[in-house]
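Written below as structure tokens is the structure these notes are about.
The values are calculated or read from the model by the stated rules, or taken from the named source; none is laboratory data. Remember, it's a predicted structure, so these values are computed and weren't measured experimentally. Quick reminder, even Gly has a Cβ in these numbers, built from the backbone with ideal geometry, and neighbours come from all protein chains shown.
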């Protein structure tokens, strides 16, 4: 056969921690920040004191959703609004699917190499914290 | 009692692989293609390089939904739109239920003998790939 | 391709109910009796008044285990005792695996066409009830 | 920071299918063969006609276990036998953990690039089928 292997580029653990740290430093309220690798698997996570227990799950699922689909979770709302079957059906059908803001893919040279997910405040605030995390790169 | 047995006609494993291969060959974007048998149980699956991790689950669930209900998953949206209780309730209530396109039953002589599920692009494209898979029969 | 279809022989719903009824009639204590088809999927179930809530699950899993592997669940103990890796590993590794008595495959002309699972008393009593169920065929 | 990225080498989808096909061709009994990528995510699967329904799950979990830990699943038994706490505790504690044979990592140049899992017969036979699959590389 032709070469049976291919290369995946993914964020390192050290970079994931730096991204989490930057997001935590920028957070104005107790939040959970998660970074996943290119495969959508957890690389680093911090739960700030007082962050809601639900945020542990939501932050991870935001990152997972952003990594798999390669786009910010906040963009899903417009997609779902303009596509009635998907709008009705995506939520219950797709495991761990989050269709509101707070998940951002980590894109380097056009490749998705991971994602960050933030949960703790309103999703519009979570997005800003996630952006602050990515600025660490 | 009268005869306690009945016959179920189902797609073979070899046919399932041929259907998957034909769908993969027709796919214009990285997709997951799954074929289930008449009982809705997985028979063959391929994840193309670069297909979203979520598509592994969605493709299987589209096939499962199509096999069980015996109709294309794309037809569910109109059903749900015209039936408010079902429209609101079916998604969360029915395990592995997918109500957008990409799942097609495999029908031979009027019998559902399996189903194909495709996930990777927009559901309208997934449907075309699934149709290309069924053309292998 | 060669013919893409094959035939599965499975127990009918009416036969499944007859088997359940016969097992219930033979039960000396409150039990759950379940019959699954050749694919291991539930066909008929009765919970007798006073049967433990756990028995609803155990009876179904006994039937599922017996249908999939095509042998009485009671035979697993000897298999596991003589095979150390499987003895240690099978229980946690195999979904819905039951390795004690009460599940019997329904075999007709050498083919597994379904299975019965009984739970409610000691497994050795469950086996007798399951056998009484199969005598209805 | 130093470069925030690293490269993962993983088996391609085409190679995964070739490995599955080679294992299926070598199988003396109805089996399920699954290949996962370096991240442990499903890449290709075939269920041969008549393979136990349980094998669909077990084959995938064997591959997942072998990919994650980077060693044949058959080697776990000796590890568990010599480590009482792990021996008792690993099975229930570790998701999708399989500690008997049939899962083999795919190793190229010392790197785990994926894994194969086979289920259908005795685990010692499953191992041989898995080896035949890897010979396709």
Just one of (1) touching a strand residue (DSSP E or B) at 6+ places or on another chain (Cβ under 9 Å); (2) closer than 18 Å to residue D:123 by Cβ; (3) crowded, with 20+ Cβ neighbours inside 10 Å trips up residue D:77, so point out which. (1)
Output the residues belonging to segment D:65-97 that are within 14 Å of residue C:94 (Cβ to Cβ), touching a residue at least 12 places away in the same chain (Cβ under 8 Å) and part of a helix (DSSP H, G or I). D:65, D:73
Members of segment A:7-57 that are under 14 Å from residue A:112 (Cβ atoms), part of a loop (DSSP other than H, G, I, E, B) and without any contact (Cβ under 8 Å) to a residue 60 or more places away in the chain: A:39, A:41
Over segment B:5-17, the set of residues crowded, with 20+ Cβ neighbours inside 10 Å and either at pLDDT below 95 or within 7 Å of another protein chain (Cβ to nearest Cβ) (or both) is B:10, B:11, B:12, B:13, B:15, B:17
I need a count of the residues in segment D:28-50 that are buried (at least 24 other Cβ atoms within 10 Å of the Cβ) and away from chain A (no Cβ under 14 Å). 7
Go through the residues of segment C:55-65 one by one and say whether even a single one is under 28 Å from residue D:81 (Cβ atoms), out of contact with any strand residue (DSSP E or B) (no Cβ under 8 Å at 6 or more places or on another chain) and crowded, with 21+ Cβ neighbours inside 10 Å. no
Sort out which residues of segment D:98-114 are touching a helix residue (DSSP H, G or I) at 6+ places or on another chain (Cβ under 8 Å) and either in a helix (DSSP H, G or I) or more than 8 Å from chain C (Cβ to nearest Cβ) (or both), and write them in order of number. D:102, D:103, D:104, D:105, D:106, D:112, D:114
Taking the criterion of being away from chain C (no Cβ under 11 Å), farther than 30 Å from residue C:111 by Cβ and touching a helix residue (DSSP H, G or I) at 6+ places or on another chain (Cβ under 7 Å), would at least one residue in segment D:63-76 satisfy it? yes
When segment C:93-122 is checked residue by residue, the ones that are surrounded by fewer than 17 Cβ atoms within 10 Å (Cβ to Cβ) and over 24 Å from residue C:132 (Cα atoms) are C:95
Filtered residue count, segment A:98-125, keeping only those that are within 15 Å of residue A:19 (Cβ to Cβ) and without any contact (Cβ under 8 Å) to a residue 40 or more places away in the chain: 3
